[in-house]
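Let me begin by presenting the structure, written as structure tokens, before commenting on it.
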Amino acid sequence: MKREIKIKAESKTSPKYGCMPEQRPIRDYIRFGIINLDKPPGPSSHEVAAWVKKILNLSHAGHGGTLEA
């Protein structure tokens, strides 16, 4: 099977609205992004959120509900 990329339309935007994802600094991904985390059994959701905050040196971090399976 031959695979190919199909582009429906190309567009341009102004840099004043941000930057291309491949040029975005990792700090912006951390600051404005979401981390999809597969929490192991044992630690609480609150504890894992605190670990993420400490590891990434963030001032704010939290979870959107339970992280339990």
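The values are calculated or read from the model by the stated rules, or taken from the named source; none is laboratory data. Computed from a predicted structure; not experimentally measured. Please note: Cβ atoms are built from the backbone with ideal geometry, for glycine as well, and neighbour counts cover all protein chains shown. The area values use the complete protein model at the heavy-atom level, side chains included, leaving out ligands, DNA and RNA. Shrake-Rupley method; radii C 1.70, N 1.55, O 1.52, S 1.80 Å.
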Considering only the stretch 1-31, state which residues are among the aromatic types (Phe, Trp, Tyr) and loosely packed, with under 10 Cβ neighbours inside 10 Å. TYR17
Boolean, GLY42 is at pLDDT below 80, outside any helix (DSSP H, G or I) and out of contact with any Pro (no Cβ under 9 Å at 6 or more places or on another chain): no
For a quick check of your reading of the model, give me the residue pairs whose first member lies in the stretch 12-35 and is touching a residue at least 24 places away in the same chain (Cβ under 8 Å), whose second is open to solvent by 70 Å² or more (accessible area, probe 1.4 Å), with beta-carbon atoms closer than 8 Å and at least 6 apart or on different chains. none
